[in-house]
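Colleague: Take this structure, written in structure tokens, and hold onto it; I'll ask about it next.
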Amino acid sequence: MMLSIKNLHASIGGKEILKGINLEIKAGEVHAIMGPNGSGKSTLSSVLAGREDYEVTEGSVIFNGKNLLELSPEDRAREGLFLAFQYPIEIPGVSNVNFLKTAINEIRAYKGLEPMEAKDFLARLKEKQKLVELDGKLANRSVNEGFSGGEKKRNEIFQMAMLDPCLSILDETDSGLDIDALRIVAGGVNKLKSKDNATIVITHYQRLLDYIVPDVVHVLFNGKIVKTGSKELALELEEKGYDFIKEEIGA
Amino acid sequence: MANEILAEQISSEYKYGFVTDIEADNAPKGLNEDIIRFISKKKNEPQWMLEYRLKAFKYWLTLEEPNWAHVSYIKPNFQDIIYYSAPKPKVQLNSLDEVDPELLKTFEKLGISIEEQKRLSGVESRIAVDIVMDSVSVKTTFKETLSEKGIIFCSFGEAVQEHPELVKKYMGSVVPYTDNFYAALNSAVFTDGSFCYIPKGVRCPMELSTYFRINASGTGQFERTLIVADEDAYVSYLEGCTAPMRDENQLHAAVVEIVTHKNAEVKYSTVQNWYPGDKNGKGGIFNFVTKRGVCLEDNSKISWTQVETGSAVTWKYPSVILKGDNSIGEFYSVALTNNHQQADTGTKMIHLGKNTRSTIISKGISAGFSNNSYRGLVRIAKGASNARNFSQCDSLLMGDKCGAHTFPYIEIKDKSAIVEHEATTSKIGEDQLFYCKQRGIDNEKAIGLIVNGYCKEVLNKLPMEFAVEAQKLLSVSLEGSVG
């Protein structure tokens, strides 16, 4: 088991958002987490990534045999957890290339490896740029500064490709994307998929799941996973809306 | 979160805080005419130099220490300072073998090699260095190479002896001794510094550099630098400085003058890393410096680039008087204050000639309990038609105990002027830090990245070797400053 979440409760400013999440993910799987606004989807990704605004009050998260909740955010990243941000952050004056080189070498140092050779880095850069059809110029521009919404999201997937994580969480990566950008982003994610890694796709809409086909779909509602099913569940949700879930669970 | 870490803030290590144990030849403490005569005699100066000093001293006695800057400190007791300190032996040094080995070790620690091994082995270093320790210049390298091109690069004391006509002509022509309290003091008691003259039509083939080091306790450092670029000449000049960690405050009051003739260009870069005091604000250098250049003739250019991370209190406004038509003045500055440091720094761009242009890019970074002020004047005189200025003053705050202030003064007497001023204040974002951490980059490294990104426009102006050093310095100076 790559990721095992048991009875996870988390709150922010005293308000409980996650109310007992249970989730297990194996290598090679793609899980979609769907749910209406305010159901706790982004909170779950923030808690997993280690954002300090949230307080975990109960439960456990084991990631590749380690207690994830005890690790600092940077160590979680170094252990192979990657979060594609819903709203990627701009860092003026820091080039994408420099940012990624720093990140890769920090991760390597954590694993006791030497910094990556410049030529290997450049080769990887070139290869992964193609994957998300990222303009070479964007790689040299400051991190996300002045990027369009679509470019920012593509840049997230580009970073994911460069860092080669074990578990990727895509937090509403489809929001703000037109259909072409969506196809490119999803195509990148699919190409990165392997039997050794796993992906959590957090989304509002079924649309993204036409491109990234999940093995399992979870419905998150009011801080709990209330329904789990196959990819057909996403279609059902799309058709009937979230109300049918509410009725089903008697909310 | 940020507050917790701020509370247990550790001051970054100041790696230049060592003291070199070499015998020094000191003047007695205190300041009076006898001391000035003593300094002048020690330096074997001509009568005119002594008279200049005495005039400056008399004028200084009539002045009061300025207190308009946004800094507060206990004023130095000028009678409690040693105004002359020279590392012994004070003999003419002909070869490195004669240099005190302790002194050589100091330079090694500072990371500057004055051993011209590279040149001997056929690899030419691109930097010529003048080293000023306490009050005197200890060693100037590459003098011969430079003199082949007619370039004079020597200690100020030597220039007074060897090139009195040039010193007489230019010294005090940009910063007269009547300019301000510290300039007057410097004019009276300055002990050494660097002198540089680039003759007509010569582009200096290497970076010239002066390295200032305060070593002896209880001393003040008062150096003077004079750079003259004759018609069509060009030089890039670097200045670095460090001092030992001491509990006392030491005064550094320098004067730098630059003169450019027709079509000439001088680029002056500083990485100022005087000891900033400890995390409680004890000790550190008072850095009260007057730096000014004049674009004396048409089409000339003076560019100041400074990275200021050191000193307990900084009071410094590298300025340009744009006298020649079409002349250009530039000021690129990064001033970083942490712990209890205080900086009041900026520039003055005085437009007198027609079609003159100036650019000011100032990046302030405040952390800890520090106060960081930008103070700048843009003056467009009557008749300075079509003058242009662009100013950008950005402040970055880390934590909630520090201050950033901007005092821009704009005086426009000519209607054709176009003056633009932009200012921003931002806080280093938790979001930015978290984003970096989520990519595996820890807090310290993330701050280094973000701050260096913020300063990029200025760092890009520094010569390569300096830029790398400055980047490291910025990261080191902020260690432990934000959570």
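The values are calculated or read from the model by the stated rules, or taken from the named source; none is laboratory data. In this text, all values refer to a predicted model and were calculated from it rather than measured experimentally. As a convention, Cβ positions derive from the backbone with ideal geometry for all residues, glycine included, and neighbour counts pool all protein chains shown. Note: accessible area is taken over every heavy atom of the protein model, side chains too, but ligands, DNA and RNA are not part of it. Shrake-Rupley method; radii C 1.70, N 1.55, O 1.52, S 1.80 Å.
Colleague: For the pair A:Asn7/B:Glu422, report the inter-label distance in nm, with labels modelled 7 Å from Cα in the Cβ direction.
Modeller: Reported label-point gap for A:Asn7 and B:Glu422 is 5.6 nm.
Colleague: Also, I was wondering about something else. Which parts of the stretch B:293-307 would a label at B:Thr359 reach, counting a residue when its backbone N lies under 15 Å from a point 7 Å out along Cα-to-Cβ?
Modeller: Within reach of a label on B:Thr359, which here means backbone N under 15 Å from a point 7 Å along Cα→Cβ, the stretch B:293-307 contributes B:301-306.
Colleague: I'd like the mean, over residues of A:69-77, of how many other protein chain beta carbons sit within 10 Å of each residue's own Cβ.
Modeller: 4
Colleague: Using the Cα centre of the stretch A:51-192 as the reference point, and only Cβ charges (+1 on K/R, -1 on D/E), how large is the resulting charge dipole? Debye, rounded to the nearest 20.
Modeller: Working: 19 positive and 25 negative charges, 148 e Å.
With Lys and Arg at +1 and Asp and Glu at -1, about 720 debye.
Colleague: Turning to a different aspect of this structure: Taking Cα pairs under 8 Å and at least six residues apart, what relative contact order does the stretch A:130-242 come out at, in percent?
Modeller: 23 percent
Colleague: Charges on Cβ only, +1 for Lys and Arg, -1 for Asp and Glu, centred on the Cα centroid of the stretch A:11-80; of A:Phe63, A:Ala27, A:Ser46, which one is farthest towards the dipole's positive end?
Modeller: Value computed over the given set: A:Ala27.
Colleague: In chain A, how does Rg compare with the Kirkwood Rh, expressed as the Rg/Rh ratio over alpha carbon atoms?
Modeller: 0.96
Colleague: Relative contact order (percent) for the stretch B:198-346, with alpha-carbon contacts under 8 angstrom and 6 or more residues of separation?
Modeller: 20 percent
Colleague: Check the straight Cα-Cα distances from B:Lys382 and name the aspartates and glutamates below 14 Å, setting aside those fewer than 8 residues away within the same chain.
Modeller: Of all the aspartates and glutamates, those that pass the test against B:Lys382 - Cα under 14 Å, at least 8 places apart if same chain - are B:Asp325, B:Glu411, B:Asp414.
Colleague: Could you tell me which of B:Trp315, B:Asn372, B:Ala184 has its Cα farthest along the dipole of the protein assembly as shown towards the positive end, charges placed at Cβ (Lys, Arg +1; Asp, Glu -1), taken about the Cα centre?
Modeller: The one lying farthest along the dipole's positive direction is B:Ala184.
Colleague: Note the count of lysine pairs whose C-alpha atoms are less than 22 angstrom apart in the stretch A:134-200, limited to pairs 8 or more residues apart or on different chains.
Modeller: So the count works out to 6.
Colleague: Average partner chain C-beta neighbours within 10 Å, per residue of A:107-117?
Modeller: Partner Cβ neighbours, averaged per residue: 1.
Colleague: Restricting the count to DSSP beta bridges whose residues both fall in the protein assembly as shown, what percent are antiparallel, rounded to a multiple of 5?
Modeller: Restricted to the protein assembly as shown, the bridges split so that about 20 percent are antiparallel.
Colleague: Right, next: Given a cut-off of 19 Å, what percent of all Cα-Cα pairs of the stretch A:1-99 lie beyond it?
Modeller: 47 percent
Colleague: Quote the charge dipole size of the protein assembly as shown about the Cα centre in Debye, to the nearest 20; the model charges only the Cβ of Lys and Arg (+1) and of Asp and Glu (-1). Write down the numbers at each step before the final one.
Modeller: Values: 86 positive and 99 negative charges, 246 e Å.
Computed charge dipole of the protein assembly as shown: roughly 1180 debye.
Colleague: Amide H of A:Lys224 versus every other amide H placed in the peptide plane: which residues, excluding those fewer than 5 positions away on the same chain, fall under 5 Å?
Modeller: A:Lys19
Colleague: Give me the inter-chain shielding for B:456-464: mean count of other chain Cβ atoms within 10 Å, whole number please. Display every interim value, and only then the final one.
Modeller: Working: counts 5, 2, 0, 1, 1, 0, 0, 0, 0.
Other-chain Cβ atoms within 10 Å of each residue's Cβ, averaged: 1.
Colleague: Follow-up. Through the Karplus equation 6.51 cos²θ - 1.76 cosθ + 1.60, θ set to phi - 60°, convert the phi angles of the stretch B:224-238 into ³J(HN,Hα) values in whole Hz; use x for Gly and Pro.
Modeller: Those phi angles translate into 10, 10, 10, 10, 10, 10, 6, 3, 6, 8, 9, 8, 10, 10, 10 Hz.
Colleague: Give the percent of DSSP beta bridges with both residues in chain A that are antiparallel, rounded to the nearest 5.
Modeller: Counting DSSP beta bridges with both partners in chain A, the antiparallel share is about 55 percent.
Colleague: Distance from the Cα centre of the stretch A:43-66 to that of the stretch B:427-456, in angstrom?
Modeller: Here the answer is 22 Å between Cα centres.
Colleague: Let me ask something else. Return the lysines within reach of A:Lys19: Cα separation strictly under 21 angstrom, same-chain partners fewer than 8 residues apart disregarded; answer none if there are no such residues.
Modeller: A:Lys6, A:Lys41, A:Lys224, A:Lys227, A:Lys246
Colleague: At 37 °C and 0.692 mPa s, what whole-number value in µm²/s does Stokes-Einstein give for the translational diffusion of the protein assembly as shown, with Rh from the Kirkwood sum over Cα pairs?
Modeller: Rounded, D is 114 µm²/s.
Colleague: Another question about this same structure. Apply the membrane-span-like helix rule to chain A: whole DSSP H runs, Cα extent along the own long axis of at least 15 Å, mean Kyte-Doolittle hydropathy at least -1.0. List the helices found.
Modeller: Values: long enough: A:96-110 (21 Å, -0.07); A:118-131 (20 Å, -0.91); A:149-163 (21 Å, -0.69); A:179-192 (20 Å, 0.89).
Membrane-span-like by this rule: A:96-110, A:118-131, A:149-163, A:179-192.
Colleague: Sort B:70-82, A:161-173, A:141-153, B:186-198 for me by packing, meaning the mean count of neighbouring Cβ atoms within 10 Å per residue, highest on top.
Modeller: Per-residue Cβ counts within 10 Å, averaged per peptide and sorted highest first, yield B:186-198, A:161-173, A:141-153, B:70-82.
Colleague: If you don't mind, there's one more thing I want to ask. Determine the calculated [θ] at 222 nm for the protein assembly as shown from helices alone, applying -39500 (n - 2.57) to every DSSP H run no shorter than 4 residues and normalising by the residue count; nearest 500 deg cm²/dmol. Don't skip to the answer; put the middle values down first.
Modeller: Numbers: 22 runs with 205 residues, N = 734.
Calculated at 222 nm, the ellipticity per residue is -8000 deg cm²/dmol.
Colleague: Return the carbon/sulfur percentage of the accessible area of chain A, one whole number, probe 1.4 Å, all protein chains in place.
Modeller: That fraction is 47 percent.
Colleague: How would you rank A:45-53, A:57-65, highest first, on the average number of other Cβ atoms within 10 Å across their residues?
Modeller: A:45-53, A:57-65
Colleague: Only four residue types carry charge here, +1 at the Cβ of Lys and Arg and -1 at the Cβ of Asp and Glu. Report the dipole size of chain A about the Cα centre in Debye, rounded to the nearest 20.
Modeller: Value, rounded to 20: 500 debye.
Colleague: Mind ranking B:417-424, B:274-281 by how tightly packed they are, going by the mean number of other C-beta atoms within 10 angstrom, highest first?
Modeller: Packing order, densest peptide first, comes out as B:274-281, B:417-424.
Colleague: Residue farthest toward the positive end of the dipole of the stretch B:292-429, with Cβ of Lys/Arg at +1 and Asp/Glu at -1: which of B:Phe390, B:Trp304, B:Gly324?
Modeller: Toward the positive end, the furthest listed residue is B:Gly324.
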